[in-house]
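The values are calculated or read from the model by the stated rules, or taken from the named source; none is laboratory data. Treat the numbers as computed from the prediction; the structure is a model and nothing was measured. Reconstructed Cβ throughout: ideal geometry from the backbone, glycine too, with neighbour counts over all protein chains shown.
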Amino acid sequence: MRLLDGLIAALSAVSRAGVWVGGVLLFAACFMIAAEVLGRRFFGFSFEGVDELSGYVLAIASAWAFGFTLISRTHVRIDTLYVALPRRAQAALDVLAMASIVGFFGFVAWFAWLLLQRSLLLSSKAMTPLQTPLAIPQALWVAGLALFVLIAFLLLLRAVLALAQGDAARAAALIGSRTQRQEVAEEIEVAQAILAREKQGP
C-alpha cells in the first residue's frame with residue numbers, strides 16, 4: 001500500500017509540473033496569437049506557423065492536464081443521481097467510471113503511440129512552412145496520455161484495494177465525485193490561506 005501510495009504521489013508531482021509547463025505554453029501561445037492579430041491589423045505582416053504551434057500546444061497541454069485533473073478530482077461528472085445513491089452504489093459507479101477511463105484512454109494512448117511510431121519511421125514533417133518534425137509534438141502528446149492512463153490505473157487499483165479492506169472513505173477520496181460541501185470547504189481553506197498571507201504582510 002505504501003509503495004502504491006508513494007508511486008501515486010510521485011506521479012501526481014510529475015503531473016503537477018506538467019500542468020505548470022502546459023500553462024506557460026498556453027500563455028506563450030496566447031501572446032503569439034495576439035502578436036499575429038496585431039501584426040496583421042496594424043503592420044501588414046504575419047508570423048508563419050502560429051496556428052500550427054498553437055495547435056501543438058493545445059494538444060500537449062491538454063494531455064498533461066488530464067492526469068492532474070483526475071488526481072485532484074476536478075474533472076466534470078454528472079452526479080445528479082449519484083449523490084442520492086447509497087455509499088456502496090456510489091463506490092460501484094466510481095470503480096466503473098474509472099475502469100471506463102482506463103479502457104477508453106488506454107486505446108487512445110495506444111493508437112497515439114502507433115501514430116508516433118509511424119511518424120518516426122517515415123520521418124514525417126508537417127505540410128506547413130515550418131515543416132515541423134511531427135514526432136516532436138507527438139512524443140510530448142503521447143507522454144501526457146501515457147501518464148494519464150498510468151495514473152488512472154493506479155488510482156483504480158488503489159481504490160479497489162481500499163474497498164476490499166472495507167475502507168470506502170479512502171476509495172471515495174481517490175476516485176469519488178467531490179460533493180458540494182467538499183468543494184466549499186476547499187474554497188474556504190484557500191481563502192483562509194490567502195487572508196493569513198495578507199495579514200503577515202510582505
Checking LEU134, LEU120, LEU116 in turn, the sole residue that is among the hydrophobic types (A, V, I, L, M, F, W, C) and in contact with a strand residue (DSSP E or B) (Cβ under 7 Å, 6 or more places away or on another chain) turns out to be LEU134
Note on VAL76: of the conditions (1) β-branched (Val, Ile, Thr); (2) loosely packed, with under 12 Cβ neighbours inside 10 Å; (3) over 18 Å from the mean Cα position of the chain (by Cα); (4) closer than 30 Å to GLU52 by Cβ, unmet is (3)
For the range 44-63, pairs from a residue that is of a type in the set (Asp, Glu) to a residue that is in a helix (DSSP H, G or I) and crowded, with 18+ Cβ neighbours inside 10 Å, with Cβ under 9 Å and 6 or more apart or across chains, are ASP51/GLU36
Note: among LEU130, LEU140, LEU156, LEU120, just one is free of Cβ contacts under 8 Å to residues at least 60 places away in the same chain, of a type in the set (A, V, I, L, M) and either within 18 Å of LEU58 (Cβ to Cβ) or out of contact with any Phe, Trp or Tyr (no Cβ under 6 Å at 6 or more places or on another chain) (or both), namely LEU120
Kindly establish whether VAL142 is surrounded by 15 or more Cβ atoms within 10 Å (Cβ to Cβ) and β-branched (Val, Ile, Thr).
yes
Exercise for the section: State whether the residues of the range 92-102 include one that is surrounded by 12 or more Cβ atoms within 10 Å (Cβ to Cβ) and not in a helix (DSSP H, G or I). Expected result: no
(Q) Is it the case, given these coordinates, that PHE66 is of a type in the set (Phe, Trp, Tyr) and crowded, with 18+ Cβ neighbours inside 10 Å? (A) yes
Of the residues in the range 33-48, those that are surrounded by fewer than 17 Cβ atoms within 10 Å (Cβ to Cβ) and either assigned to a helix (DSSP H, G or I) or within 26 Å of the chain's Cα centre (by Cα) (or both) come to ILE33, ALA34, ALA35, VAL37, LEU38, GLY39, ARG40, ARG41, PHE42, PHE43
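Go through the range 18-32 and count every residue that is surrounded by 13 or more Cβ atoms within 10 Å (Cβ to Cβ) and free of Cβ contacts under 8 Å to residues at least 12 places away in the same chain.
Residues meeting the conditions: 0.
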| Does the range 11-26 include one or more residues that are more than 20 Å from the chain's Cα centre (by Cα) and either in a helix (DSSP H, G or I) or of a type in the set (A, V, I, L, M, F, W, C) (or both)? | no
Per the filter on the range 78-117, residues more than 22 Å from LEU147 (Cβ to Cβ) and touching a residue at least 60 places away in the same chain (Cβ under 8 Å) are ASP79, TYR82, VAL83, ARG87, ARG88, GLN90, ALA91
Can you confirm whether the range 153-168 contains a residue that is of a type in the set (Phe, Trp, Tyr) and either modelled with pLDDT under 75 or closer than 30 Å to GLU52 by Cβ (or both)? no
Going through the range 156-168 in order, the residues found to be of a type in the set (A, V, I, L, M, F, W, C) and farther than 10 Å from ALA91 by Cβ are LEU156, LEU157, LEU161, ALA164
